[in-house]
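The values are calculated or read from the model by the stated rules, or taken from the named source; none is laboratory data. On a predicted model such as this, the values are computed, not experimentally measured, just so you know. As a convention, Cβ positions derive from the backbone with ideal geometry for all residues, glycine included, and neighbour counts pool all protein chains shown. Quick note on the areas: whole protein, heavy atoms, side chains included, nothing else; ligands and nucleic acids left out. Shrake-Rupley method; radii C 1.70, N 1.55, O 1.52, S 1.80 Å.
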Protein chains: 2
Amino acid sequence: MKIRYEDGVELAAQLLQKSGLDESKAASVARALGLAEAWGLPSHGFLRLPIYLDRLDAGGYAADARLTTTTDLGALLVMDGGTGLGHWQLSEAVDLAVPRAEQFGLTAIAIGNSGHCGALGVYAADAAERGMVSLVFSCGPAALPPWGGTGKLLSTSPIAAGFPAAPKPIIIDLALSTVSRGKIAEYAARHEPLPEGWATDSAGTPTTDAQAALEGLLAPLGGAKGFALAFLVEALTAGLVGPQLSKNMPDIFDRDSLSEPQRISHLLVMIDPSRTDVSGDVDAPGQRLSELVAATAVGGGRAPGSRRFTPSEVHPGTLLEIDSGLLKRLEERA
Amino acid sequence: MKIRYEDGVELAAQLLQKSGLDESKAASVARALGLAEAWGLPSHGFLRLPIYLDRLDAGGYAADARLTTTTDLGALLVMDGGTGLGHWQLSEAVDLAVPRAEQFGLTAIAIGNSGHCGALGVYAADAAERGMVSLVFSCGPAALPPWGGTGKLLSTSPIAAGFPAAPKPIIIDLALSTVSRGKIAEYAARHEPLPEGWATDSAGTPTTDAQAALEGLLAPLGGAKGFALAFLVEALTAGLVGPQLSKNMPDIFDRDSLSEPQRISHLLVMIDPSRTDVSGDVDAPGQRLSELVAATAVGGGRAPGSRRFTPSEVHPGTLLEIDSGLLKRLEERA
């Protein structure tokens, strides 16, 4: 069924506040979920809310978490997320990064000991609307095996990037598995079989059973190279920031570990595109990025993100498609 | 046939000096080519030397180029490569980046208006041996079409990354095409047919003719997601730094544009791993990266780069396999 963006976000915020988040953090998380829905990414939208709430109630996400500074070198800021939800922490990181990117040309905000942060493209889009280039990396419960090996080693290894450009920002937002775990969870929630080739069960046997796949493994994008890129994401987040590797993170969908913090880490790199041109021209990078977008369309393709609303384009009345069973559960809970 | 590493590098350096590079720059380029050979990447090794020399002689690479500073914000340094070869410029960038990464926690060196730089993993490996994490991006003549479209839009979009770890650094080094153009050139040089699925001719028809593929298009890794990642690399290099997009760069293998500068751009991002831990522990990131390498092996896989010599492990007497025809041409030229 359909729900207005404004109403969906309000419902989510209300539920998050009921589970202990303060008003501003609840609004921040709810907005990130609403944007994912508006982008047609329900796997990173309201579908996640019941498990977030259960984890908040059980202590697996600290409702009263604060971001605290571990190391501040100006261009590099390392923060401890206190086992809180990641959405509001990454939004806060974008706010902290903008003036630093203006001052130093580039900056990185590393957040460790955090939680799930939803669709990374949200933060890349926010940064792009503020005129900044960004790269966003995260990790999470392991779902990919080592290439040529067995066992869960790497998360789906999401990457997002945003570049201000005309007529719309370039937004890259993907996981390095063939599909995201959220997508698998979506099929599991609907009790639908998976397309072939997406996943294996926990023994490594190909499966179309979504529930078995959630407990199993995903295939990396494009084989060995996709594995290497996922390894890169893991090394930049869980490796560099920590406090732990993805293989040691409790699965968000595992109801037996609701009280156990996930201790996920995120890395946001921000670059001021007005400072990167080889000739020092403040406008040239934006012009070349727009030229790249235009050239893509001339060739019959489209630039990544060209079909997404930017955050400022989403209106209160934008209609979101929501599973009626999910909506009913959420409304009962509220 | 076999050639000693020392002799191959010496021959390359001699030829590069003959074409106008000063002794230190010639040695730097020759070393990068030798390392690619030692790594079993002949497509980025001595095979490229004849075309580098022809371009140096014709003015397509400025033999007397210097790296000059456009913008210096401390953490971000933007430089103009003066249309020189990229190898020595990226090596110089690593030297410049290390003290900046120590000071600011992270730094980026952007080099525009440069030339081909060979295997990006060389610079990531150098940085890793100096205790630094690095990400290296470059661009080059367009070889990939827009996803769902036609025409040459993006380069093969190489990415490299290095992470200090025990027992060996993690080195990720790949192009976002199914295979590199250098690999295609290798088949063309040997007059061998390509495996199916690697490339299309210039009309977009699948081909196993290596020469037709060199003039044609490559497939992106893993479909639409691979295209999005290649777009990211293009945006970070040609877009942000410039002065031009990959689609406007003369092809290195095109003998009609030997005198035309390629104006390629590179981006090196360096992070000091001793400053990134969520608890401020200087050793923890290295320990987690080593734990990640070990866990990969336990699962029956191997960490990226685990089979490569580190630069310091390559000895003068290491034997390199070199095509006898190529060696003959190089020796005649010397």
Vicinal HN-Hα couplings computed from phi for the stretch A:158-171 (Karplus, 6.51 cos²θ - 1.76 cosθ + 1.60; Hz; Gly/Pro x): x, 10, 9, 8, x, 9, x, 7, 9, x, 9, x, 7, 10
Residue-level accessible surface for residue A:47, protein heavy atoms, 1.4 Å, Å²: 50
Relative contact order [Cα under 8 Å, 6+ residues apart], the stretch A:15-86, whole percent: 24
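Can you pull out the buried accessible area for chains B and A, both sides counted, probe 1.4 Å, rounded to the nearest 100 Å²?
6000
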Residues of the stretch A:77-124 buried by at least 30 Å² on assembly (accessible area, 1.4 Å probe, chain alone as reference): A:78, A:104, A:106
FRET efficiency, residue B:254 to residue A:203 (Cβ-Cβ, R0 35 Å, nearest 0.05): 0.10
CD proxy at 222 nm, helix term only [per DSSP H run n ≥ 4: -39500 (n - 2.57); per residue of chain B; nearest 500]: -11000 deg cm²/dmol
Label point 7 Å beyond Cα along the C-beta direction, distances from residue B:279 to other copies (nm, shortest first): 5.2
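Using a 1.4 Å probe over the heavy atoms of the protein chains, calculate the carbon and sulfur portion of the accessible area of the stretch A:231-311 as a whole percent.
Details: 1270 of 2770 Å².
Answer for the stretch A:231-311 is 46 percent, counting heavy atoms of protein chains only.
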Long-range HN-HN contacts of residue A:302 with modeled amide H, under 5 Å: B:147
Phi-based couplings in Hz for the stretch B:210-220 (Karplus 6.51, -1.76, 1.60; Gly and Pro marked x): 4, 5, 5, 5, 4, 8, x, 10, 9, 8, x
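Given R₀ = 51 Å, FRET efficiency for residue B:2-residue A:4 by Cβ-Cβ distance, to 0.05? Don't jump to the answer; show the numbers that get you there.
On the way: r = 72 Å, r/R0 = 1.40.
It comes to 0.10.
Computing the accessible area with a 1.4 Å probe over protein heavy atoms, can you report the carbon and sulfur percentage for the stretch A:1-107?
Values: 1670 of 3580 Å².
Carbon and sulfur: 47 percent of the exposed surface of the stretch A:1-107.
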Inter-copy spacing of residue A:259 label points, which lie 7 Å from Cα along Cα→Cβ, given in nm from shortest upward: 7.9
Mean separation of Cα contacts under 8 Å (6+ apart) over length of the stretch A:263-311, as relative contact order %: 18
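Cα gyration tensor of the stretch A:141-228, axes a ≥ b ≥ c as square roots of the eigenvalues: rounded (a/c below 1.5), prolate (a/b > b/c) or oblate? Don't jump to the answer; show the numbers that get you there.
Details: a/c = 2.73, a/b = 1.54, b/c = 1.77.
Note, shape of the stretch A:141-228 comes out oblate.
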Karplus-derived HN-Hα couplings along the stretch A:191-204 (A = 6.51, B = -1.76, C = 1.60, θ = phi - 60°), whole Hz, x at Gly and Pro: 6, 9, x, 7, x, 5, x, 7, 7, 10, 7, 5, 8, x
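So what's the net charge close to residue A:149: Lys and Arg +1, Asp and Glu -1, counting the other residues with Cβ under 14 Å from its Cβ? Let's see the in-between values first.
Values: positive: A:152, A:247, B:302; negative: none.
Its environment carries a net charge of +3.
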Long-range HN-HN contacts of residue B:71 with modeled amide H, under 5 Å: B:78
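For chain B, calculate the relative contact order in percent as a whole number, restricting contacts to Cα pairs under 8 Å that are 6 or more residues apart. Kindly include the intermediate steps, with their values, before the conclusion.
On the way: 743 pairs, mean separation 76.6, N = 334.
It rounds to 23 percent for chain B.
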Under 17 Å from the Cα of residue A:18 - aspartates and glutamates, other chains or at least 8 residues apart: A:7, A:10, A:54, A:57, A:64, A:331, A:332
Solvent-accessible area per residue for the stretch A:160-241 (1.4 angstrom probe, square angstrom): 32
Separation in nanometres of the label points that stand 7 Å from Cα toward Cβ, at residue B:196 and residue A:14: 5.9
Amide H partners (placed H, <5 Å) of residue B:322, local residues excluded: B:2, B:3
Where labels lie 7 Å past Cα in the beta-carbon direction, separation of residue B:315 and residue A:64 in nm: 6.3
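Go through A:306, B:114 and list them by solvent-accessible area, largest first, probe radius 1.4 Å. Before the final figure, lay out the partial values.
Details: A:306 45, B:114 0 Å².
Putting A:306, B:114 in descending order of accessible area: A:306, B:114.
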Cβ-based net charge around residue A:304, under 13 Å, with every Lys or Arg adding one and every Asp or Glu removing one: +3
Flagged links, alpha-carbon separation over 30 Å, of B:247/B:328; A:183/A:247; A:225/A:247; B:25/B:183: B:247/B:328
C-alpha center-to-center spacing [the stretch B:49-74, the stretch A:27-62] in angstrom: 51
Per-q log10 I(q)/I(0), the protein assembly as shown, q = 0.07, 0.08, 0.09, 0.12 Å⁻¹ (Debye; single scatterer per alpha-carbon; no solvent): -0.43, -0.56, -0.71, -1.28
For the stretch B:248-318 versus the stretch B:170-228, the gap between their alpha-carbon centres in whole angstrom: 22
Rg/Rg_globular for chain A, with Rg_globular taken as 2.2 N^0.38 Å and Rg from C-alpha atoms: 0.96
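Report the FRET efficiency, 1/(1 + (r/R0)^6), for residue A:324 and residue B:150, where r is their Cβ-Cβ distance and R0 is 51 Å, rounded to 0.05.
Details: r = 43 Å, r/R0 = 0.84.
Step by step, r from the Cβ atoms, then E = 0.75.
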1.4 Å probe accessible area per residue over the stretch B:60-131, in Å²: 25
